[in-house]
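**Q** Next up is a structure, given as structure tokens.
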Amino acid sequence: MTERSTNICLRILSLSYFTMGTGTLAIVGTLPEIAASLSLERGAVAMLVSVLAVTFAVSAPGLQMVAGQWPRRTLILIGLALMAVGAFGTALAPNYAVLLAARVCAGLGAAAIGPVASALGASLVAQERQGHALAVVFSGMTIASVLGVPLSAWGGASLGWRPTFALIGVATLIVAGLIAILVDNREGGERVRPSDLAAIAGRLATAAGIAVMVLEMSGVFVTYTMITLILRDRFGAGPEAVSTALMIFGLAGIGGNYVARWVSQRWSANRAVTVALTTLTLVFATLFLAPAWYPAALALLIVWATASDLFMPSQQRRMVELAPEARGLVLALNSSAIYVGMAAGSFTASTLYPVFGLSSLPLASINFLALAFAALALSSRAAAMPDRQRKISCPIEPDFPI
């Protein structure tokens with residue numbers, strides 16, 4: 001495969017991340033409209049994020065065990081089809097029960113997209129360029145935060161949340177068509193056995209590394225789940241100002257993705273993850289203390305987005321470096337960890353908000369990030385140990401097909 005065709009494939013794969021990101025996070029942008037339309041508590045709507053996240057977290061490693069050897073392109077197309085069904089089901093949902101079922105369907109689809117697209121992208125390039133390839137593929141999620149989430153917030157306020165999700169379903173089918181036509185790689189992945197999963201989970205370095213992802217995402221989503229309410233109720237932003245703020249958040253994320261590509265050639269993954277976690281901690285501390293001034297919120301969102309999009313591909317690169325012989329599995333586990341974190345963070349937000357209000361959310365974010373620092377330190381120390389000392393207490397030796 002030529003460099004030009006590889007670059008085209010990486011960018012097309014980023015589109016699958018874009019539709020996955022938009023389809024999963026649009027609930028955040030349309031939360032007030034869904035709650036009002038179906039006469040639901042906002043906490044109940046926020047719980048939809050947790051439902052999708054838990055579905056993803058359980059399904060991603062399960063798919064690797066059941067269908068890990070299938071052509072990755074086929075898995076991505078199946079995932080996009082399920083995401084489209086979930087989007088259309090959300091648009092047509094007459095009640096909360098149907099809404100929950102539609103989000104479960106979308107979660108199943110997302111589980112067949114994210115880790116598979118990342119693994120396919122990483123397999124297309126030499127090892128020294130994998131950090132760059134992962135950043136390019138993951139840029140689709142960044143673009144989703146630029147266009148998908150802000151446009152879903154605007155669409156929910158202007159068009160209604162049902163037409164917004166219908167349009168997301170149409171866009172998902174269009175991306176599926178592009179991948180079917182333009183991505184010709186039909187190589188299969190590695191089928192994962194339960195013993196393989198146990199072996200990876202039994203390595204202290206990788207287990208703690210996965211915990212870093214869970215805790216970072218939990219910290220981010222405690223506050224991000226209620227970001228539209230924070231902007232509106234604390235910073236006095238109307239619907240247009242909220243959409244503008246989310247658009248700026250996404251644009252800053254694109255900048256962060258380019259920073260991650262630059263960093264991948266110069267910094268270790270450990271250093272990049274540490275810098276990102278430090279920056280996020282400072283952002284949430286400042287958000288708690290900042291005056292209720294809209295420009296201050298915009299400045300914090302810019303730094304927040306840049307740090308988040310530095311963290312994500314750097315964390316993926318770090319996990320691949322910890323277990324290069326099981327790239328597909330560790331990326332699936334890392335993706336599951338993302339959605340476990342989303343579930344934990346959104347659940348924490350929906351629990352704290354009714355009792356303690358919006359001001360409690362940045363403090364909860366800081367606590368999660370402090371635990372992420374501890375998990376990173378543990379993972380780094382374990383990775384530096386001799387091989388025989390790296391296991392938690394697992395008698396199964398890893399045996400991965402390559």
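Quick note: the coordinates plus some simple rules give every number you see, no bench work behind them. All of these numbers come straight from a predicted model, not from anything done at the bench. All Cβ positions, even for glycine, are placed from backbone atoms using ideal geometry, and neighbour counts span all protein chains on display.
**Q** Using label points projected 7 Å from each Cα along Cα→Cβ, tell me how many nm separate Thr351 and Ala384, to one decimal.
**A** 3.5
**Q** Quick one: Cα centre-to-centre distance for the stretch 285-308 and the stretch 174-247, in angstrom?
**A** Spelled out, the Cα-based centre of one part sits 21 Å from the other.
**Q** Using the 2.2 N^0.38 Å rule of thumb for compact globular proteins, work out how the stretch 1-65 stacks up: its C-alpha Rg over that value, please.
**A** Values: Rg = 17.0 Å, N = 65, 2.2 N^0.38 = 10.7 Å.
In units of the 2.2 N^0.38 Å rule of thumb, it is 1.58.
**Q** Label-point separation (nm) for Glu187 and Asn95, each offset 7 Å from Cα along Cα-to-Cβ?
**A** According to this spin-label approximation, the distance is 5.0 nm.
**Q** Relative to the longest principal axis of the chain, what angle (0 to 90°, nearest 10) does the C-alpha long axis of helix 3-37 take?
**A** For helix 3-37, the angle is close to 40 degrees.
**Q** Something else about it: Tell me the mean residue ellipticity at 222 nm calculated for the chain from its helices only (DSSP H runs of n ≥ 4, each -39500 (n - 2.57), averaged over every residue, nearest 500). Don't skip to the end; give the middle numbers.
**A** Details: 15 runs with 313 residues, N = 402.
After summing the helix terms and dividing by the residues of the chain, the value is -27000 deg cm²/dmol.
**Q** Here's something else I'd like to know. Please list the non-local residues whose amide H lies under 5 Å from the amide H of Arg203, H modeled 1.01 Å from N, same-chain partners needing a gap of 5 or more.
**A** Close amide H contacts, sequence-distant or interchain: Ile392.
**Q** Which whole-number percentage describes the relative contact order of the chain, with Cα contacts under 8 Å and a sequence gap of 6 or more?
**A** Working: 714 pairs, mean separation 109.0, N = 402.
Here the relative contact order equals 27 percent.
**Q** Any chance you could check the Cα centroid distance between the stretch 353-385 and the stretch 56-74 for me, in angstrom?
**A** 29
**Q** Let me ask another. Starting from 0 in steps of 10 Å, tell me what percent of the Cα-Cα pairs of the stretch 212-287 lands in each bin.
**A** Going from the shortest bin to the longest, the percentages are 16, 41, 32, 10, 0.
**Q** Compute the long axis of helix 96-111 from its Cα atoms, compare it with the longest principal axis of the Cα atoms of the chain, and write down the angle in degrees, 0 to 90, nearest 10.
**A** Roughly 30 degrees, rounded to the nearest 10.
**Q** Work out, step by step, the length gained on full extension between Tyr294 and Ser5: first 0.36 nm times the residue separation, then minus their alpha carbon distance; give nm to one decimal.
**A** 99.6 nm
**Q** What's the angle, to the nearest 10 degrees (0 to 90), between helix 327-356's Cα axis and the longest principal axis of the chain?
**A** Once rounded, one gets 30 degrees.
**Q** Compute the semi-axes of the equivalent ellipsoid of the stretch 3-389, taking the square root of 5 times each eigenvalue of the Cα gyration tensor, and list them largest first in whole Å. Provide the component values of the computation, followed by the final result.
**A** Details: eigenvalues 178, 124, 73 Å².
Semi-axes (√(5λ), whole Å): 30, 25, 19.
**Q** Moving to a separate point now. Most exposed first by the Cβ proxy, i.e. fewest other Cβ within 10 Å, how do Thr244, Thr306 rank?
**A** Details: Thr244 18, Thr306 24.
The fewest-first ordering by Cβ neighbours comes to Thr244, Thr306.
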